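Here's the structure we're looking at; comments come further down.
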């Protein structure tokens, strides 16, 4: 079995990956390997199951649109952050929300919770919310393929902010932080925590009663400096700072 090279392309495959077996790549990763990356017999790649395991593999044959790979020995490299971060992001315009999700995954979040706030520009009915959720989950997969993560962060169903706050357990052990312009503590002033939930508002910010509801649910208002960050910037910026303070950056 050819060993994995540092630049071998990575593909998420939600299937058992037994060492030494011959596996046909599912349609989407097979198409990407064959038609986009132009891989062929003898080329190395890496498959991961989303639960923590990755397997080096080599393309054994290509038959029309079928890509058959020979699997190597499974590995379990540790690439997850020691700091458990859940990002609750108020839904923003499509490109902004996509940016936030991809960068949050690259920076190590373990869960994403899209919430509908009063000032959210985007309004999703049940059908559109389901389609958008599937789109966000595909972004998570792509980001993990790119950044080397082998565990897929979860993407929770869309909930109104009030309902999401009500779902939080009373007396939760995680540190709850509300990113809100104006007075607030700086991240470096906080005591280190092993788990953090970040709550970020939409383009127009949270309404005053939404801020009050978050504070009543145990969130601390924090400030990311004297400048007001855009909604797609605030979450990734805070995650990077927290990883530098208490995590693995």
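The values are calculated or read from the model by the stated rules, or taken from the named source; none is laboratory data. Here the structure is a predicted model, which means the values were calculated and not measured. Using ideal geometry, Cβ is built from the backbone for each residue, glycine included, and neighbour counts are taken over all protein chains shown.
Which condition from (1) part of a loop (DSSP other than H, G, I, E, B); (2) out of contact with any strand residue (DSSP E or B) (no Cβ under 9 Å at 6 or more places or on another chain) is the one that residue 103 breaks?
(1)
Would you call residue 168 over 19 Å from the mean Cα position of the chain (by Cα), over 30 Å from residue 48 (Cβ atoms), assigned by TED's automatic domain parsing to the domain that holds residue 95 and in contact (Cβ under 8 Å) with a residue 40 or more places away in the chain? Don't jump to the end; show me each part of the working.
Numbers: over 19 Å from the mean Cα position of the chain (by Cα): yes; over 30 Å from residue 48 (Cβ atoms): yes; assigned by TED's automatic domain parsing to the domain that holds residue 95: yes; in contact (Cβ under 8 Å) with a residue 40 or more places away in the chain: yes.
The answer is yes for residue 168.
Would you mind stating whether residue 52 is at pLDDT below 95 and more than 26 Å from residue 211 (Cβ to Cβ)?
Considered against the rule, which asks whether it is at pLDDT below 95 and more than 26 Å from residue 211 (Cβ to Cβ), residue 52 comes out as yes.
Tally the residues that are closer than 21 Å to residue 208 by Cα and out of contact with any helix residue (DSSP H, G or I) (no Cβ under 6 Å at 6 or more places or on another chain), restricting the search to region 162-179.
Count: 8.
Results for (1) buried (at least 16 other Cβ atoms within 10 Å of the Cβ); (2) without any contact (Cβ under 8 Å) to a residue 60 or more places away in the chain; (3) over 22 Å from residue 105 (Cβ atoms); (4) not assigned by TED's automatic domain parsing to the domain that holds residue 143, shown as yes or no for each residue.
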{"site": "17", "(1), (2), (3), (4)": "yes, yes, no, yes"}
{"site": "30", "(1), (2), (3), (4)": "yes, yes, yes, yes"}
{"site": "34", "(1), (2), (3), (4)": "yes, yes, yes, yes"}
{"site": "38", "(1), (2), (3), (4)": "no, yes, yes, yes"}
{"site": "56", "(1), (2), (3), (4)": "yes, yes, yes, yes"}
{"site": "59", "(1), (2), (3), (4)": "yes, yes, yes, yes"}
{"site": "64", "(1), (2), (3), (4)": "no, yes, yes, yes"}
{"site": "77", "(1), (2), (3), (4)": "no, no, no, yes"}
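Kindly indicate whether residue 56 is more than 24 Å from residue 147 (Cβ to Cβ) and under 27 Å from the mean Cα position of the chain (by Cα). Working first, answer last.
Numbers: more than 24 Å from residue 147 (Cβ to Cβ): no; under 27 Å from the mean Cα position of the chain (by Cα): yes.
Spelling it out, it is not the case that residue 56 is more than 24 Å from residue 147 (Cβ to Cβ) and under 27 Å from the mean Cα position of the chain (by Cα).
From the list 195, 216, exactly one residue is surrounded by fewer than 18 Cβ atoms within 10 Å (Cβ to Cβ) and touching a strand residue (DSSP E or B) at 6+ places or on another chain (Cβ under 8 Å). Which is it?
Numbers: 216 fails: touching a strand residue (DSSP E or B) at 6+ places or on another chain (Cβ under 8 Å).
Residue meeting the stated conditions: 195.
Go through region 104-142 and report how many residues are farther than 17 Å from residue 156 by Cα and within 15 Å of the chain's Cα centre (by Cα).
Result for region 104-142: 3.
Select from region 221-249 the residues that are out of contact with any helix residue (DSSP H, G or I) (no Cβ under 8 Å at 6 or more places or on another chain) and surrounded by 15 or more Cβ atoms within 10 Å (Cβ to Cβ) and list them in ascending order. Outline the logic, then answer.
Residues of region 221-249 that are out of contact with any helix residue (DSSP H, G or I) (no Cβ under 8 Å at 6 or more places or on another chain), as a first pass: 223, 225-228, 233-234, 237, 240, 243-244, 246-248.
Across region 221-249, the qualifying residues are 223, 233, 234, 237, 240, 243, 246, 247.
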